[in-house]
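Data block below; observations after.
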Amino acid sequence: MEAGTELDVDWTACKGHGLCAELLPEHITLDEWGYPLFPPGPLPRKALKRAGRAAADCPVLALKLTPAQGS
């Protein structure tokens with residue numbers, strides 16, 4: 001069974017631009033300093049294309065799509 005894909009952030013690279021939350025608002029919110037917050041676990045299959053765009057459009061390439069851990 002395929003584990004899926006989840007979001008991951010390189011916290012040393014992230015500068016809190018917030019573009020990821022604009023591109024994927026149903027999965028990413030921002031904390032009070034503009035850094036991304038998202039639930040752990042795999043993304044729904046229908047969100048993968050937009051999540052890939054959010055990762056590719058990150059100004060510092062801090063957002064990544066990675067294989068989901070567990071299950």
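Worth a mention:
- In the range 17-33, the residues that are out of contact with any helix residue (DSSP H, G or I) (no Cβ under 9 Å at 6 or more places or on another chain) and free of Cβ contacts under 8 Å to residues at least 12 places away in the same chain: 25, 31, 32
- Entry remark, the range 4-19: residues being part of a loop (DSSP other than H, G, I, E, B) and among the polar types (S, T, N, Q) number 1 in total.
- Hits in the range 52-70 (condition: out of contact with any helix residue (DSSP H, G or I) (no Cβ under 8 Å at 6 or more places or on another chain) and either under 10 Å from residue 6 (Cα atoms) or assigned to a loop (DSSP other than H, G, I, E, B) (or both)): 60, 62, 66, 67, 68, 69, 70
- Taking the range 20-51 as the range and being assigned to a helix (DSSP H, G or I) and surrounded by fewer than 16 Cβ atoms within 10 Å (Cβ to Cβ) as the test, the residues that pass are 22, 45, 46, 48, 49, 50.
- Pairs linking a residue in the range 49-71 that is over 16 Å from residue 16 (Cβ atoms) and in contact (Cβ under 8 Å) with a residue 60 or more places away in the chain to a residue that is of a type in the set (Val, Ile, Thr) and not in a helix (DSSP H, G or I), with Cβ atoms under 9 Å and 6 or more positions apart or on different chains, are 65/5; 66/5; 67/5; 68/5.
- Scanning the range 28-47 for residues that are over 20 Å from residue 15 (Cβ atoms), over 10 Å from the mean Cα position of the chain (by Cα) and aliphatic (A, V, I, L, M) yields a single hit, 47.
Just so you know, all these numbers are worked out from the coordinates, no wet-lab data involved. Only a predicted model underlies this, so the values are computations on that prediction, with no experimental measurement involved. Cβ: placed from backbone, ideal geometry, glycine included. Neighbour counts: every protein chain shown.
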